[in-house]
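Chemist: Take this structure first; my questions come after.
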């Protein structure tokens, strides 16, 4: 009861300190006759760095949305004949059943991308990589579609279809994929009251009892960093970020995925080794393999969660499911 009371008080203090009405971010200046795209974000969300070279516009976002769902984007590489949406389904929180892909959720706040951090920088940087290498996009394929020249002209003032503009449009659309309306968000905005079970899970999550919050803090539920979480190494790929940096301190480190909409997934970890949330919690509870490269945050005795506490923690994780996000027609196939 003391733990529950402490976290209810903490929640109330947060409600008092935060202004909960949605703020409207400053409009990006229109360019080439475009109109600024306005994002409404809760006041408790941190601002993200706005692009000065690729401001959000309605026209750019519309083009990016078309490209996101179009198999014409891919002409080679590992994704030949597929689209972004082939591995990132909206109804699954832009993740993919049976595939260990990082979800396209709240990426506007990221500076590190992919499981090992192959790309660091801006959304434009990761989308340049996607267009140039992952999809090996052939602009002639896009030019062959009679819709695209007009869409590119509307978004960028010229009908010329280039790799740069393609990456920029995709970056604009993906910046709009923001999940901010889960039950947890409604609780923070004082719109609903979580159940007793959910609140007990909340207390476990945000305390040393569950010790989840160090890497999955609110509101993004990812620190966008890399950690070795003590997984049993199953292949050479389990060397993680070390394969890029050659730095021994990066052995076994992978990016922290966001937990927003986590209950919609059915594979977890970089290799999809776990199939349920309970599997994941069991790993952190008593399955962590201790060794030289283990993250110091996990270098401690087993958590010792009871079955009831695990159920309560799972109940809280379900409050991060955002039905508005997964049903938003602005994010769906055009």
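Here, each number is a calculation from the coordinates, and none is a lab measurement. Note that the structure is predicted; figures quoted are calculated from it, not measured. In this analysis, Cβ positions are derived from the backbone assuming ideal geometry, glycine residues included, and neighbour counts consider all displayed protein chains.
Chemist: Region 273-334 to region 73-97: how many Å between their Cα centroids?
Modeler: 24 Å
Chemist: Right, another one. Of (i) 1.05; (ii) 1.17; (iii) 0.95, which is the value of Cα Rg over 2.2 N^0.38 Å derived from the coordinates here?
Modeler: (i)
Chemist: When the expected Rg is taken as 2.2 N^0.38 Å, what fraction or multiple of it is the alpha-carbon Rg of region 148-192? Numbers along the way, then the final one.
Modeler: Details: Rg = 17.3 Å, N = 45, 2.2 N^0.38 = 9.3 Å.
Dividing the Cα Rg of region 148-192 by 2.2 N^0.38 Å gives 1.85.
Chemist: Sort the following peptides by mean Cβ neighbour count (other Cβ atoms within 10 Å, averaged over residues), highest first: 304-310, 186-192, 148-154.
Modeler: Working: 304-310: 13.3, 186-192: 15.6, 148-154: 18.0.
Ranking, from highest mean packing down: 148-154, 186-192, 304-310.
Chemist: Testing the spin-label approximation: label points 7 Å from Cα along Cα→Cβ at residue 138 and residue 209. State their distance in nm.
Modeler: 5.9 nm
Chemist: If you consider only alpha-carbon coordinates, what radius of gyration and Dmax does region 183-323 have, in Å?
Modeler: Rg and Dmax of region 183-323, Cα atoms, are 15.5, 48 Å.
Chemist: Mind listing the Cα extents of region 21-177 along all three principal axes, in Å, largest one first?
Modeler: Projected onto its principal axes, the Cα set of region 21-177 covers 44, 40, 27 Å.
Chemist: Still on this structure, I have one more. Helix 307-318 against the longest principal axis of the chain: what's the angle in degrees, Cα atoms only, rounded to the nearest 10?
Modeler: That helix lies at roughly 20 degrees to the long axis.
Chemist: Highest first, please rank the peptides 219-230, 91-102 by the mean number of other Cβ atoms sitting within 10 Å of their residues. Working shown, then result.
Modeler: Numbers: 219-230: 19.7, 91-102: 18.0.
The most tightly packed comes first, giving 219-230, 91-102.
Chemist: What FRET efficiency comes out for the pair residue 244/residue 86, r = Cβ-Cβ distance, R0 = 25 Å, nearest 0.05? Could the numbers behind the result be given before it?
Modeler: On the way: r = 25 Å, r/R0 = 1.02.
It comes to 0.50.
Chemist: So what is the relative contact order for the chain, in percent, with contacts set as C-alpha pairs under 8 Å and at least six apart?
Modeler: Details: 567 pairs, mean separation 67.2, N = 334.
Over the chain, the number comes to 20 percent.
Chemist: Let me have the 222 nm mean residue ellipticity of the chain computed from DSSP H runs of 4+ only, each contributing -39500 (n - 2.57), with the sum over all residues rounded to the nearest 500. Please report the intermediate quantities before stating the final value.
Modeler: Details: 12 runs with 104 residues, N = 334.
Result for the chain: -8500 deg cm²/dmol, rounded to the nearest 500.
Chemist: Right, next: Full-extension gain between residue 36 and residue 328, please, as 0.36 nm times their residue separation minus the C-alpha to C-alpha distance.
Modeler: Result: 103.1 nm gained on full extension.
Chemist: Further, regarding this structure: On a 0 to 90° scale, report how tilted helix 196-205 is relative to the longest principal axis of the chain, with both axes built from alpha carbons and the result rounded to the nearest 10.
Modeler: Tilt relative to the chain: about 80 degrees.
Chemist: Go ahead and run the numbers for FRET between residue 197 and residue 292, Cβ-Cβ distance against an R0 of 30 Å, rounding to 0.05.
Modeler: Values: r = 39 Å, r/R0 = 1.30.
Rounded to the nearest 0.05, the efficiency is 0.15.
Chemist: May I pose another question? What is the angle, in °, between the Cα long axis of helix 58-68 and the longest principal axis of the Cα atoms in the chain? Nearest 10 is fine, range 0 to 90.
Modeler: 80 degrees
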